[in-house]
Amino acid sequence: MDSELSATDLRLLDGWQRDFPLVSRPYALLAERVGLDEDTVLARFRLWQRAGVVSRIGPVLHQSCFASALVGMQVPAGRVDQVAAYVSSLPQVNHNYEREHALNLWFVAACRTPGALERLLARIGQDTGCEPLALPMEAEYHIDLGFSLSTPQQRAAPQRGGSPAALPPAGSAQEVLLHAVQNGLDLCAQPYRRLGLPAGLDEDETLRLLERWLRAGLFRRFGVVLRHRQLGFRANAMCVWNVDDARVDALGERLGAEPGVTLCYRRTRRLPQWPYNLFCMIHGKEREAVRALRDAIAGRLGLDAWPHAVLFSTRCFKQRGARFVPEEAAHG
């Protein structure tokens, strides 16, 4: 798909993965920047959304706002499709992949509170008969802010700073707006006016709240969210190491700074099933290229002196950003 994109298309997709305009007519502003008219820009985004290239235009929520965990499960080979379909149906689950490992199903679950996450995982274990192995994040070294199409080995500098904003109060107009915006903006001339309607907010109030959430860190970014698999980046590997606790943070910072690493963090070990604490993700168009890049990075940093594993994904069952789920929906 990426070979079919013109220079103007790349400017629209690559250039607005962050800092999407929070103005009354955002698509008109994009059109002005690339030398097109508003209707043409809207038509292109509608086409890309139908093709699955664009997931949505909206926020990527900061996962620190949630109680969340990466979860691995060992699922019998003959039940993977059934269990994966059940897990993917849960609104609190975002990414869900089959990977090459004894723990063969991997997903991310995010809930409003630690108690809600614990109850969700207990329910998954009871309903599937497979033990969920929860691996909470302990330290973040790099979380990418987008997926570059023009220079895929380069990425934006990670944003560091204070704690992200709290979720809005349950039952408030702000909660209604947050629930609506995470589904993405409508592809119409004035999407923010339409976005605020379910919450009883006018356009100006809606824009002020979105700007506040972006500044406060509730949103990691606000912009075009791409589906990298539809753009040809179908190979991905979760690369893990068991690094001594005294050295893991220093190595994690260096690993997270490597071009080509899209995610890098430290997570909880779960012995004896899971001894690894340092994680990174590498994406590419071909498995061999991902493996070569992983080996080159590990060689530069001396990482393979530590016990390690490479878990390539074999199937993607669900892929989306973390979502805030209102309590009533979470229990539905």
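The values are calculated or read from the model by the stated rules, or taken from the named source; none is laboratory data. Remember, predicted model here, so these are calculated numbers, not experimental data. Quick reminder, even Gly has a Cβ in these numbers, built from the backbone with ideal geometry, and neighbours come from all protein chains shown. Accessible surface areas use protein heavy atoms only, side chains included; no ligands, DNA or RNA. Shrake-Rupley method; radii C 1.70, N 1.55, O 1.52, S 1.80 Å.
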State yes or no: is ARG212 assigned to a strand (DSSP E or B), closer than 30 Å to ARG193 by Cβ and open to solvent by 10 Å² or more (accessible area, probe 1.4 Å)? no
Quick one: count up the residues across region 230-253 that are part of a strand (DSSP E or B) and crowded, with 20+ Cβ neighbours inside 10 Å. 6
Can you find a residue that is open to solvent by 20 Å² or more (accessible area, probe 1.4 Å), within 26 Å of GLU286 (Cβ to Cβ) and assigned to a helix (DSSP H, G or I) anywhere in region 219-229? yes
Residue in region 26-38 that is within 21 Å of ARG208 (Cβ to Cβ), open to solvent by 30 Å² or more (accessible area, probe 1.4 Å) and assigned to a loop (DSSP other than H, G, I, E, B) present: no
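Return a yes/no flag: does region 249-260 have any residue that is under 23 Å from GLY184 (Cβ atoms) and of a type in the set (A, V, I, L, M, F, W, C).
no
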Where THR40 falls short, out of the listed (1) over 17 Å from the mean Cα position of the chain (by Cα); (2) at pLDDT below 95; (3) within 20 Å of ASP186 (Cβ to Cβ): (2)
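Being outside any strand (DSSP E or B) and buried (at least 16 other Cβ atoms within 10 Å of the Cβ) is the filter here, so list the residues in region 302-311 that pass it.
Scanning region 302-311 gives LEU303, TRP306.
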What is the residue count in region 62-119 for residues that are in a helix (DSSP H, G or I) and more than 27 Å from GLY223 (Cα to Cα)? 17
Has region 312-332 got any residue that is at pLDDT 90 or above, loosely packed, with under 14 Cβ neighbours inside 10 Å and within 21 Å of HIS95 (Cβ to Cβ)? yes
Would you confirm whether any residue within region 60-72 is open to solvent by less than 10 Å² (accessible area, probe 1.4 Å), modelled with pLDDT of 95 or more and closer than 29 Å to LEU12 by Cα? no
Please enumerate the residues belonging to region 105-120 that are over 20 Å from the mean Cα position of the chain (by Cα) and closer than 16 Å to ARG270 by Cβ. GLU118
How many residues are in contact (Cβ under 8 Å) with a residue 12 or more places away in the chain and surrounded by 15 or more Cβ atoms within 10 Å (Cβ to Cβ) if we restrict to region 188-208? 12
Boolean, GLY78 is on the phi < 0 side of the Ramachandran plot, of a type in the set (Gly, Ala, Ser) and at pLDDT 95 or above: yes
What's the number of the condition SER89 fails, among (1) hydroxyl-bearing (Ser, Thr, Tyr); (2) at pLDDT below 95; (3) open to solvent by 60 Å² or more (accessible area, probe 1.4 Å)? (2)
If you check LYS285 against the conditions, is it modelled with pLDDT under 95, of a type in the set (D, E, K, R) and either at positive phi or in contact with a helix residue (DSSP H, G or I) (Cβ under 6 Å, 6 or more places away or on another chain) (or both)? no
Consider region 254-292. How many of its residues are touching a residue at least 12 places away in the same chain (Cβ under 8 Å), over 19 Å from ALA69 (Cα atoms) and open to solvent by 40 Å² or more (accessible area, probe 1.4 Å)? 8
